[in-house]
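Single-structure report; data block below.
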Ligand code: NI
């Protein structure tokens, strides 16, 4: 396996639409996914999209807890990491909520981003299994963030209030001073 170089904001690969993959089960895609998993683990991210490693193809990986309705979901080779090829999202509820996000392509920053609270996502695994799951909360957020990468969208482009874009260490400094206010389990640490 190989650690891949991560593209940072400003690189054109991050703002272009990634291409569909005709056959998700090729050795090339499997190798890409393996290297992406290693790269994500090394960078301590919770998700990664192929454009972030300079590959303009529709592949995402993420590490998210199982949600409602997915107990029967097929286990992938890379569990607990999920790899999805040609992923598609259906929005199940119009409601959005703000949550802190980071991105390995925008190191050091974190921002509050509105995301749909309940989605269904579908895609193929690198072994050719069809994956379909419902997701809520942080799980739904990560998948929306990664799928956005495939359409050339960075989280900052989804922000509705740029005053909530912050250096992560500044935010942590202030959070440390505050008294246990934020108990929603999201801490702006997670980069995807
Ligand atoms: Ni990202």
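Bear in mind these aren't lab numbers, they're just calculated from the coordinates by the rules spelled out. On a predicted model such as this, the values are computed, not experimentally measured, just so you know. Because the Cβ atoms are built from the backbone with ideal geometry, glycine has one as well, and the counts that use them run over all protein chains shown.
Among 120-130, 89-99, what's the highest-first ranking by average C-beta atoms within 10 angstrom per residue? Write out the running numbers ahead of the final one.
On the way: 120-130: 17.0, 89-99: 14.0.
Highest-to-lowest ranking by the protection proxy: 120-130, 89-99.
In this structure, residue 158 and residue 8 have a Cβ-Cβ separation that, at R0 = 22 Å, corresponds to a calculated FRET efficiency of about 0.75.
Take peptides 31-42, 155-166 and line them up by average Cβ neighbours within 10 Å, highest first, as a rough protection proxy. If you can, show how the numbers build up before the last one.
On the way: 31-42: 18.5, 155-166: 13.9.
Per-residue mean Cβ counts within 10 Å order the peptides as 31-42, 155-166.
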